[in-house]
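The values are calculated or read from the model by the stated rules, or taken from the named source; none is laboratory data. Here the structure is a predicted model, which is why all the values come from computation and not from measurement. Cβ: placed from backbone, ideal geometry, glycine included. Neighbour counts: every protein chain shown.
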Amino acid sequence: KKISIIGLPLDMGASIRGARLGPSTLRLNGLIRELKSLDLEIKDLGDIEVSNSYEDQVGPKNLKNYQIVKEACTKLYNKVDEIIKTKNLPLVLGGDHSLAIGSVKAALNNYPDLGVIWIDTHGDINNEKISPSGNIHGMSLSAIMGLACEELSNIGQNKNFLKSQNLVYIGLRDLDKEERQVLKDYNIKAFSLQEIDEYSIGKVTKEALKYLNKKTNHIHVSLDIDVVDPIYAPGTGTRKNGGLTPREIFLLTEILSKSDLITSVDLVEVNPLLDIKSQTSVLAIDIAKSLFGEKLL
Ligand code: DIR
Ligand code: MN
Ligand code: MN
Ligand code: MN
């Protein structure tokens with residue numbers, strides 16, 4: 001397996017600053033060295049240049065910092081598209097979760113039947129009309145699925161939108177009211193923390209894979225670190241108690257890794273400014289290792 005690592009130091013899709021430091025902090029804490037210790041060919045392509053700001057920029061409709069997010073996602077789209085075309089697996093380091101608009105649209109450009117596993121506390125499926133915050137990281141999926149206004153849905157050029165039946169959520173525990181309705185309306189498969197508690201993360205993950213594998217052999221994993229309990233992952237912008245434990249997230253990634261169906265990955269929302277002694281970065285690095293096949297025995 002050949003993995004190409006690309007950083008997108010963007011945090012203007014969120015309201016809290018600091019996730020722009022995610023890619024460099026993951027590298028400083030040894031991400032590249034750790035991944036190279038596995039039996040993998042690792043290429044670090046560095047970071048994409050992002051024109052972040054220190055103040056919110058007014059955007060069209062309810063879209064905060066639209067121009068900055070759009071430009072960053074478009075650059076990422078081109079990079080991820082190129083990585084996939086050279087038969088490498090892209091690992092995208094965030095940055096806030098709005099970046100998935102670029103990475104997932106690029107994966108869809110290469111695999112129109114793409115499946116997505118969205119591992120997150122949040123649904124990230126607001127559109128410009130129902131978003132309570134105007135933050136684009138809470139609207140990524142509505143852009144990726146073509147359920148938002150033209151401004152969002154046209155990021156990443158192509159019109160290959162993600163089909164609602166090709167999306168599975170794992171870890172939801174903080175949906176906005178109107179997002180809940182979107183999930184119902186489009187009949188989207190979702191495993192909340194309650195299902196995980198009841199059936200175990202192993203069962204849920206296998207079911208998610210089975211569900212998607214009926215439709216595709218190409219799965220994009222978009223992992224928001226806030227799915228992990230803030231006791232273990234304090235370094236992220238929107239924390240919510242009652243998240244996954246490290247062993248739960250590792251079992252999830254171990255099962256994903258063994259499936260051999262994962263063709264692209266985002267690892268997002270690590271915010272070093274909110275972290276405690278690099279705890280969250282180190283956990284994110286361990287998650288990446290697990291996802292790429294680190295052996296326990
Ligand atoms: C909230 C928070 N649902 C919003 N979203 C996210 O602003 O749309 N927090 N993604 O990480
Ligand atoms: Mn998210
Ligand atoms: Mn989240
Ligand atoms: Mn987020």
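Miscellaneous remarks
- Just one of the listed residues (Ile42, Ile68) is over 20 Å from His220 (Cα atoms) and among the hydrophobic types (A, V, I, L, M, F, W, C), namely Ile68.
- Positions within the stretch 109-124 being of a type in the set (A, V, I, L, M, F, W, C) and either near ligand 3 (Cβ under 9 Å from one of its atoms) or touching a Gly at 6+ places or on another chain (Cβ under 8 Å) (or both), in sequence order: Ile119
- Single condition Thr236 does not satisfy, out of (1) buried (at least 24 other Cβ atoms within 10 Å of the Cβ); (2) among the β-branched types (Val, Ile, Thr); (3) in a helix (DSSP H, G or I): (3)
- Scanning the stretch 161-183 for residues that are among the basic types (Lys, Arg), within 20 Å of Ile196 (Cα to Cα) and either within 13 Å of ligand 4 (Cβ to nearest atom) or surrounded by 17 or more Cβ atoms within 10 Å (Cβ to Cβ) (or both) returns a single hit, Arg173.
- Hits in the stretch 262-286 (condition: within 15 Å of ligand 2 (Cβ to nearest atom) and more than 17 Å from Gly18 (Cα to Cα)): Val265, Asp266
- Any hit, the stretch 211-226, residues being within 19 Å of the chain's Cα centre (by Cα), within 23 Å of Ser15 (Cα to Cα), in a loop (DSSP other than H, G, I, E, B) and within 16 Å of ligand 2 (Cβ to nearest atom): no
- Exactly one residue among Pro23, Pro90 is assigned to a helix (DSSP H, G or I) and closer than 22 Å to Glu294 by Cα, and that residue is Pro23.
- Residues in the stretch 93-148 that are closer than 22 Å to Ile225 by Cβ, among the hydroxyl-bearing types (Ser, Thr, Tyr) and more than 10 Å from ligand 2 (Cβ to nearest atom): 4 in all.
- Enumeration of residues in the stretch 189-205 that are over 19 Å from the mean Cα position of the chain (by Cα) and either at pLDDT below 95 or surrounded by 17 or more Cβ atoms within 10 Å (Cβ to Cβ) (or both): Glu195, Ile196
- Taken as a whole, the condition of being in contact with a Gly (Cβ under 7 Å, 6 or more places away or on another chain), under 22 Å from Glu178 (Cβ atoms) and of a type in the set (A, V, I, L, M) does not apply to Ile144.
- Boolean, Glu195 is assigned to a helix (DSSP H, G or I), of a type in the set (Asp, Glu), away from ligand 2 (no atom under 13 Å from the Cβ) and farther than 28 Å from Phe292 by Cβ: no
- No other residue among Lys75, Lys79, Lys43, Lys64 is farther than 21 Å from Ser24 by Cα and either more than 13 Å from the chain's Cα centre (by Cα) or surrounded by 17 or more Cβ atoms within 10 Å (Cβ to Cβ) (or both) apart from Lys64.
- Qualifying residue in the stretch 133-144 (condition: surrounded by fewer than 17 Cβ atoms within 10 Å (Cβ to Cβ) and either in contact (Cβ under 8 Å) with a residue 24 or more places away in the chain or in contact with a helix residue (DSSP H, G or I) (Cβ under 6 Å, 6 or more places away or on another chain) (or both)): yes
- Search result, residues across the stretch 163-179 that are in a helix (DSSP H, G or I) and touching a residue at least 12 places away in the same chain (Cβ under 8 Å): Ser164, Gln165, Asn166, Glu178, Glu179
- Note on the stretch 110-129: among residues that are more than 20 Å from Asn160 (Cα to Cα) and away from ligand 4 (no atom under 11 Å from the Cβ), the one that is surrounded by the fewest Cβ atoms within 10 Å (Cβ to Cβ) is Lys129.
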